[in-house]
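Trainee: Here it is, the structure in full.
The values are calculated or read from the model by the stated rules, or taken from the named source; none is laboratory data. Not measured: the values here are computed from a predicted model. No Cβ is skipped: glycine too gets one built from the backbone with ideal geometry, and neighbour counts run over all protein chains shown.
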Amino acid sequence: MLGKRRILYGGVLLSIIVWFIMLMAGVGVAYSAEKTPVTRYWMSVSTEKGAFPGMTPGSMGPGALLGSILGRGGDSGKRLQLQVNSPQPLPGDPKATHDIPPGQNMGPTLPLVTPEVSRDRSEVEGDRPETKIEKPKMRMLVYWGCSETVRPGQPFVIDTEKASPAEFAKAFQGRYVSSQNPPSPQGGRSYADWPNKKDSKRVPANSSLVGSHVVHGNYLPDIKFAIDSGHDFMAPVEFTSKKGSPAESFFFQWSTIPTATGYFATAMGHDGKTGTMIIWTSSDVRETGGSLMNFLPNEDVRRLIREKVVMPPSVTQCVVPKGIFKDAEGAMIQFIAYGDEMNVGYPPKPKDPVWTVKVRRKSTSMLPLMEMGGRGTSSGDESSGEGEQSTEKKEGLSPGKLLKGIFGR
């Protein structure tokens, strides 16, 4: 029965995700063109702490939630993804590797492998029948602000039956942010990544990126750079206090993350009686957060702090307004700490670079707002330790039950 429900949840949410992605080209994202072809190397560095065993916040977007719904979540921990694009054509036997510092505790090197792509892929895709994606019927109530009560002028209502696809996409996407276009197999350039089929070892808990790094291969220039402690894996998100109930405001507090440049939180729940999705964000101005639960460039984080969308790193607490989730069958806070992004290139400016390196960083977590059946996580102050574990055991709180309450299936 649980398996059938997971498939149903995934089917409904997948139709929304696919429809939404088809609309997002050119909406809500600022793109920048690359002037000259250079070798681009990206390191995506994240620290993830799930609210439940087997759930990984990951990018925290629709794809991550869908993975959780279908039972494909992972464990908490450190994550690393390496991606490279080269303007040079791939040789017959492409070889590339990333020599890592000893403190990374993953051996001397990580192999960068080019994924196999079928030559007939375009022909196969061309033979597929067209699939018509119907606009999903959805009504959303959007609240915002760290305050004990709902502020005047809220909620903002998004209704797919009344809004055009473009209007819905723009409202859901929220603030404009710079595009994140990591290296990929697209565009006719040589590509390789890690983890891959040759090596997919886990990043150990004591891993550190601090030290000298060298990326080289038979279709790459030698890329030499160093990572300092300010651009290492970020500390995990630690919630130190949480209290409240669905009928009251919900207070939560977290430990300062030393290398964080800003914080953002959002919560989602579903009212099964009316079929309404409820969204709340920590922003001081109206914001759905659709584009913010992922890596962000430094300049975007600074701008969003000025615009009172992202919380500055000095903030360590927030409040979900009273009663907005009182009729929800389940609700969960998604939390992200942004890290300073490192960008280096060679040769230095003002010369045109031969290669560039980007190290982007984030730390994420989840926090259940309530137990199933409309009960708050705590009637008083509760730390995120033994109290949370005993509550889960007593009430039978699980990812499947909570997601059922959130998505209403």
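Trainee: Return the residues of the stretch 200-237 that are surrounded by 15 or more Cβ atoms within 10 Å (Cβ to Cβ) and assigned to a loop (DSSP other than H, G, I, E, B); say none if nothing qualifies.
Mentor: Val203, Ser207, Ser208, Leu209, Val210, Tyr219, Asp232, Phe233, Met234, Ala235, Pro236, Val237
For every residue, the table says whether it meets (1) in a loop (DSSP other than H, G, I, E, B); (2) in contact with a strand residue (DSSP E or B) (Cβ under 6 Å, 6 or more places away or on another chain); (3) within 13 Å of Ala265 (Cα to Cα).
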position: Val309; (1), (2), (3): yes, no, yes
position: Ile324; (1), (2), (3): yes, yes, no
position: Gln334; (1), (2), (3): no, yes, yes
position: Val344; (1), (2), (3): no, yes, no
position: Pro353; (1), (2), (3): yes, yes, no
position: Arg360; (1), (2), (3): no, yes, no
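Trainee: Which of (1) of a type outside the set (Asp, Glu); (2) at pLDDT below 95; (3) in contact with a helix residue (DSSP H, G or I) (Cβ under 6 Å, 6 or more places away or on another chain) is the odd one out, the single condition Ala328 does not satisfy?
Mentor: (3)
Trainee: Okay, moving on. What tally of residues in the stretch 354-367 results from selecting those that are modelled with pLDDT of 95 or more and surrounded by fewer than 24 Cβ atoms within 10 Å (Cβ to Cβ)?
Mentor: 6
Trainee: In the stretch 238-273, which residue that is of a type in the set (A, V, I, L, M, F, W, C) and not in a strand (DSSP E or B) is surrounded by the most Cβ atoms within 10 Å (Cβ to Cβ)?
Mentor: We begin by selecting, within the stretch 238-273, every residue of a type in the set (A, V, I, L, M, F, W, C); these are 239, 247, 250-252, 254, 257, 260, 264-265, 267-268.
Cutting the leftovers down to not in a strand (DSSP E or B) gives us 247, 257.
Values: Ala247: 12, Ile257: 20.
By that ranking, first place goes to Ile257.
Trainee: Being over 22 Å from Ser363 (Cα atoms) and at pLDDT 95 or above is the filter here, so list the residues in the stretch 220-249 that pass it. It would help to see each step written out before you state the result.
Mentor: Pass one, the stretch 220-249, residues over 22 Å from Ser363 (Cα atoms): 220-225, 243-249.
Result: Leu220, Pro221, Asp222, Ile223, Lys224, Phe225.
Trainee: Let me ask another. Report whether or not Pro350 is free of Cβ contacts under 8 Å to residues at least 24 places away in the same chain, under 30 Å from His98 (Cα atoms) and not basic (Lys, Arg). Don't jump to the end; show me each part of the working.
Mentor: Details: free of Cβ contacts under 8 Å to residues at least 24 places away in the same chain: yes; under 30 Å from His98 (Cα atoms): yes; not basic (Lys, Arg): yes.
Yes.
Trainee: Does the stretch 49-59 contain any residue that is closer than 15 Å to Ser363 by Cα, in contact with a Pro (Cβ under 6 Å, 6 or more places away or on another chain) and at pLDDT 85 or above?
Mentor: Checked against the condition, which is being closer than 15 Å to Ser363 by Cα, in contact with a Pro (Cβ under 6 Å, 6 or more places away or on another chain) and at pLDDT 85 or above, the stretch 49-59 yields at least one hit.
Trainee: If only one of Gly330, Gly323, Gly289, Gly339 is among the small types (Gly, Ala, Ser), touching a residue at least 60 places away in the same chain (Cβ under 8 Å) and surrounded by fewer than 23 Cβ atoms within 10 Å (Cβ to Cβ), which one is it? Steps first, answer last, please.
Mentor: Working: Gly330 fails: surrounded by fewer than 23 Cβ atoms within 10 Å (Cβ to Cβ); Gly289 fails: surrounded by fewer than 23 Cβ atoms within 10 Å (Cβ to Cβ); Gly339 fails: surrounded by fewer than 23 Cβ atoms within 10 Å (Cβ to Cβ).
Every option except Gly323 fails the conditions.
Trainee: Something else now. Condition (residue is touching a residue at least 40 places away in the same chain (Cβ under 8 Å), under 15 Å from Ser365 (Cα atoms) and touching a helix residue (DSSP H, G or I) at 6+ places or on another chain (Cβ under 8 Å)) applied to the stretch 299-313: is it met by at least one residue?
Mentor: As a first pass, look at the stretch 299-313 and keep what is touching a residue at least 40 places away in the same chain (Cβ under 8 Å): 299-302, 304-305, 307, 309-313.
With the extra rule that they be under 15 Å from Ser365 (Cα atoms), the set shrinks to none.
Scanning the stretch 299-313, I find no residue that is touching a residue at least 40 places away in the same chain (Cβ under 8 Å), under 15 Å from Ser365 (Cα atoms) and touching a helix residue (DSSP H, G or I) at 6+ places or on another chain (Cβ under 8 Å), so the answer is no.
Trainee: Within the stretch 138-146, is even one residue at pLDDT 95 or above, within 28 Å of Val309 (Cα to Cα) and part of a loop (DSSP other than H, G, I, E, B)?
Mentor: Yes, there is a match, as at least one residue in the stretch 138-146 is at pLDDT 95 or above, within 28 Å of Val309 (Cα to Cα) and part of a loop (DSSP other than H, G, I, E, B).
Trainee: Can you pull out every residue in the stretch 238-296 that is of a type in the set (Asp, Glu) and over 30 Å from Trp42 (Cβ atoms)? Working first, answer last.
Mentor: Residues of the stretch 238-296 that are of a type in the set (Asp, Glu), as a first pass: 238, 248, 271, 284, 287.
Result: Glu248, Asp271, Asp284.
Trainee: Separate question: For the stretch 304-319, indicate whether the set of residues that are of a type in the set (S, T, N, Q) and buried (at least 17 other Cβ atoms within 10 Å of the Cβ) is non-empty.
Mentor: no
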